């Protein structure tokens with residue numbers, strides 16, 4: 001090729017391509033200079049499977065260990081087929097659709113070097129691995145989502161941990177010059193392919209190094225980072241490079257000052273107190289060296305911790321990437337993958353030994369479980385999404401379920417909301433002092449929940465109750481009157497007490513909890529002659545002295561009450577939209593009460609639509625309306641698939657509900 005053409009191509013590639021993100025002082029900006037704050041998710045488990053994500057920690061932790069377990073059942077050829085099918089299902093275009101509808105603008109892709117270059121074939125590159133990246137780029141591009149490539153498992157392993165697929169029988173990344181050279185060349189190859197790709201927001205060079213001997217001031221880590229950066233810059237001066245510290249991206253000793261003018265520092269944060277001092281060293285590094293920060297990995301904690309940390313990051317204008325998108329039967333990721341019975345059979349055989357399952361059974365069980373990884377077959381942890389996107393900036397309550405009186409209210413259906421607003425738990429998060437949860441099912445707020453064996457149940461009860469904890473429920477009392485309350489409790493010891501309040505006013509005296517036999521031996525505590533006004537209210541159940549379990553409370557009407565004998569009364573009510581889910585239109589019905597001696601008046605009525613971030617989408621009603629029943633149609637033709645909320649307000653009455661748009 002003509003040398004002049006080579007020079008021209010290099011110069012062309014060294015100019016920022018239109019739309020490619022770059023650093024500008026302490027900011028990450030687009031081509032127009034607009035600051036971009038990442039709200040991202042890591043696609044953990046997809047290309048670098050980790051045992052704990054699949055409940056395999058007891059017998060397989062690293063990707064290679066997991067693969068070897070499957071080889072032991074079905075052989076090498078079948079295992080390759082299984083992993084190909086797994087990679088096709090774990091992340092699909094439908095997943096990226098969901099991420100966009102939930103509010104994410106960035107994904108971080110953890111990569112295993114072996115998918116791009118075979119372990120025993122140095123400097124040979126595998127197109128099938130790059131095809132996976134190319135597909136992800138296409139999906140992200142359609143939805144204006146940025147993609148950051150993360151080398152999660154480098155040649156030899158950058159730590160002695162399963163996440164890097166380290167094998168103690170072979171040299172690590174830090175003990176082999178060839179492994180270092182392969183890592184440098186791999187990044188050069190990646191950068192040469194994506195030099196002008198606007199969807200890619202940069203390169204996260206090495207994930208979570210954790211190595212004790214990297215020379216004075218982490219000099220070996222710094223030198224490798226510089227060598228990788230220099231290799232990338234020979235083919236790509238467009239994209240940001242992200243630098244993680246030693247010891248799981250926490251220690252940046254020796255990694256300053258920056259050596260490149262399009263570089264950012266990337267830290268991880270798990271299981272710590274949430275305050276400015278917990279990130280002060282990173283903030284100081286940003287201000288001292290005038291370089292951006294990115295919090296590229298956090299999670300594995302309670303919703304309360306999530307909310308507090310996102311708020312802290314937002315206050316300091318730091319973008320983030322959460323961990324992780326999916327895990328088996330889990331409450332902390334975005335989605336929980338149900339475990340099929342045949343696959344559980346394989347898990348049991350790996351754990352307990354015994355007769356080895358046949359190849360046919362094993363292949364069928366593996367394929368059935370792979371099908372469960374499709375996002376449509378997963379259970380979305382909506383409370384986690386609420387904790388990441390709404391709760392850091394909005395302290396309002398949103399009903400978790402429709403709690404109607406008369407009727408049964410289940411304890412685990414307390415409102416969506418923040419610690420101290422929707423609930424209080426003595427151990428709401430893990431700040432380095434142990435677990436925040438004892439049950440690990442149903443919800444991730446920090447409230448301890450377990451499977452319930454009561455005769456009447458929604459499947460779960462509140463357990464491990466401690467003194468001073470409480471739960472709040474938005475309730476709709478359909479009929480004013482006198483009620484009998486039936487509380488379902490179970491306890492192995494005496495001394496526990498329950499107290500009910502409505503709208504911050506005492507509803508009952510303290511109710512003693514008797515010994516029932518054990519924590520799944522359920523009895524009814526009954527309280528009579530409780531007066532309840534009609535309408536929407538906040539109901540709180542408080543627990544004292546702990547040591548018991550709570551399932552539900554049933555409200556039974558025993559005598560009808562009248563608000564005002566001289567007036568026709570309507571109950572203030574907002575119905576569930578119909579149909580729901582809907583596409584593209586739905587109908588919302590509501591009732592406005594008449595003015596009564598209790599001072600309730602229609603006043604001005606508003607009915608508004610909000611997205612999951614709490615941003616107003618539309619106002620359907622904003623005017624005075626006479627008492628009565630109303631219906632309004634909402635057309636969402638111009639909106640993407642996702643979760644939305646609608647809120648009705650009239651005077652002191654406010655009620656919200658959730659609806660789902662599926663296109």
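Among the numbered conditions (1) within 24 Å of residue 248 (Cβ to Cβ); (2) not assigned by TED's automatic domain parsing to the domain that holds residue 100, the only one that residue 297 does not meet is (2).
Evaluation of residue 451 against the conditions (1) more than 19 Å from residue 551 (Cβ to Cβ); (2) surrounded by fewer than 16 Cβ atoms within 10 Å (Cβ to Cβ) shows that the sole unmet condition is (1).
Of all the criteria given as (1) more than 24 Å from residue 171 (Cα to Cα); (2) touching a residue at least 40 places away in the same chain (Cβ under 8 Å), the one not satisfied by residue 77 is (2). Just checking, does the range 242-250 include any residue being part of a loop (DSSP other than H, G, I, E, B), in the same structural domain as residue 319 (by TED's automatic domain parsing) and surrounded by fewer than 23 Cβ atoms within 10 Å (Cβ to Cβ)? The answer is yes; a qualifying residue exists.
Using the structure shown, decide if residue 353 is under 20 Å from residue 57 (Cα atoms), modelled with pLDDT under 95 and surrounded by fewer than 19 Cβ atoms within 10 Å (Cβ to Cβ). Walk me through it before giving the result.
Numbers: under 20 Å from residue 57 (Cα atoms): yes; modelled with pLDDT under 95: yes; surrounded by fewer than 19 Cβ atoms within 10 Å (Cβ to Cβ): yes.
Answer is yes for this residue.
Mind listing whichever residues of the range 282-302 are surrounded by fewer than 19 Cβ atoms within 10 Å (Cβ to Cβ) and either touching a helix residue (DSSP H, G or I) at 6+ places or on another chain (Cβ under 8 Å) or touching a residue at least 12 places away in the same chain (Cβ under 8 Å) (or both)? Of everything in the range 282-302, those that are surrounded by fewer than 19 Cβ atoms within 10 Å (Cβ to Cβ) and either touching a helix residue (DSSP H, G or I) at 6+ places or on another chain (Cβ under 8 Å) or touching a residue at least 12 places away in the same chain (Cβ under 8 Å) (or both) turn out to be 283, 287, 288, 289, 290, 300. Does residue 151 qualify as being crowded, with 24+ Cβ neighbours inside 10 Å, out of contact with any strand residue (DSSP E or B) (no Cβ under 7 Å at 6 or more places or on another chain) and modelled with pLDDT of 95 or more? Judged against the criteria, residue 151 is not a match. Being loosely packed, with under 13 Cβ neighbours inside 10 Å and at pLDDT 95 or above is a description that does not apply to residue 42.
Taking the range 66-105 only, how many residues are farther than 21 Å from residue 378 by Cβ and touching a strand residue (DSSP E or B) at 6+ places or on another chain (Cβ under 7 Å)? Walk me through how you get there before you give the answer.
The first filter runs over the range 66-105 and keeps only residues farther than 21 Å from residue 378 by Cβ, leaving 67-81, 105.
With the extra rule that they be touching a strand residue (DSSP E or B) at 6+ places or on another chain (Cβ under 7 Å), the set shrinks to 105.
Total satisfying the criteria: 1.
Name the single residue, out of those in the range 547-577 being part of a strand (DSSP E or B) and at pLDDT below 90, that is farthest from residue 525 (Cα to Cα). Out of the qualifying residues, it is 573. Looking only at the range 367-415, residues that are closer than 30 Å to residue 343 by Cα, free of Cβ contacts under 8 Å to residues at least 60 places away in the same chain and in a loop (DSSP other than H, G, I, E, B) come to 1 in all. Can you spot a residue in the range 216-235 that is surrounded by fewer than 17 Cβ atoms within 10 Å (Cβ to Cβ), assigned to a helix (DSSP H, G or I) and in contact with a helix residue (DSSP H, G or I) (Cβ under 7 Å, 6 or more places away or on another chain)? Taking every residue of the range 216-235 in turn, at least one turns out to be surrounded by fewer than 17 Cβ atoms within 10 Å (Cβ to Cβ), assigned to a helix (DSSP H, G or I) and in contact with a helix residue (DSSP H, G or I) (Cβ under 7 Å, 6 or more places away or on another chain). Return yes when residue 373 is more than 22 Å from residue 54 (Cβ to Cβ) and under 29 Å from the mean Cα position of the chain (by Cα) and no when it is not. Taking the combined requirement at face value, the residue does not satisfy it. For the range 53-68, the tally of residues that are in contact (Cβ under 8 Å) with a residue 60 or more places away in the chain and either in a loop (DSSP other than H, G, I, E, B) or surrounded by fewer than 16 Cβ atoms within 10 Å (Cβ to Cβ) (or both) stands at 7. Please indicate, with yes or no, whether at least one residue in the range 177-188 is within 22 Å of residue 136 (Cα to Cα), buried (at least 20 other Cβ atoms within 10 Å of the Cβ) and within 29 Å of the chain's Cα centre (by Cα). No, the conditions are met nowhere in the range 177-188. Inside the range 195-222, can you point out the residues that are in contact with a strand residue (DSSP E or B) (Cβ under 6 Å, 6 or more places away or on another chain) and touching a residue at least 60 places away in the same chain (Cβ under 8 Å)? Listed by number, the residues that qualify are 199, 200, 201, 202, 204, 207.
Residues that are exposed (fewer than 15 other Cβ atoms within 10 Å of the Cβ), free of Cβ contacts under 8 Å to residues at least 24 places away in the same chain and not assigned by TED's automatic domain parsing to the domain that holds residue 657 are absent from the range 460-469 altogether. Any residue at all in the range 515-523 that is assigned by TED's automatic domain parsing to the domain that holds residue 551 and more than 25 Å from residue 449 (Cβ to Cβ)? Checked against the condition, which is being assigned by TED's automatic domain parsing to the domain that holds residue 551 and more than 25 Å from residue 449 (Cβ to Cβ), the range 515-523 yields no hits at all. Of 236, 251, 260, all but one fail to be at negative phi and touching a strand residue (DSSP E or B) at 6+ places or on another chain (Cβ under 7 Å); the exception is 260.
Just one of (1) surrounded by 16 or more Cβ atoms within 10 Å (Cβ to Cβ); (2) more than 31 Å from the chain's Cα centre (by Cα); (3) not in a strand (DSSP E or B) fails for residue 518. It is (1). The set of residues in the range 416-437 that are touching a residue at least 60 places away in the same chain (Cβ under 8 Å), closer than 16 Å to residue 400 by Cα and either in a loop (DSSP other than H, G, I, E, B) or not assigned by TED's automatic domain parsing to the domain that holds residue 401 (or both) contains only 418. Kindly evaluate residue 97 against the criterion of being crowded, with 16+ Cβ neighbours inside 10 Å, over 24 Å from residue 224 (Cα atoms) and under 23 Å from the mean Cα position of the chain (by Cα). So residue 97 fits the description; yes. Would you please name the residue that is nearest to residue 460 (Cα to Cα), looking only at residues in the range 479-492 that are at pLDDT below 95 and part of a loop (DSSP other than H, G, I, E, B)? The qualifying residue nearest to residue 460 (Cα to Cα) is 479. Between 643, 609, 617, the distinction of being at pLDDT below 90, in a strand (DSSP E or B) and touching a strand residue (DSSP E or B) at 6+ places or on another chain (Cβ under 8 Å) belongs to 643 only. Please verify whether the range 357-364 includes one or more residues that are within 17 Å of the chain's Cα centre (by Cα) and not in a helix (DSSP H, G or I). For the range 357-364, residues within 17 Å of the chain's Cα centre (by Cα) and not in a helix (DSSP H, G or I): absent.
The values are calculated or read from the model by the stated rules, or taken from the named source; none is laboratory data. No experiment lies behind these values; they were computed from the predicted model shown. Quick reminder, even Gly has a Cβ in these numbers, built from the backbone with ideal geometry, and neighbours come from all protein chains shown.
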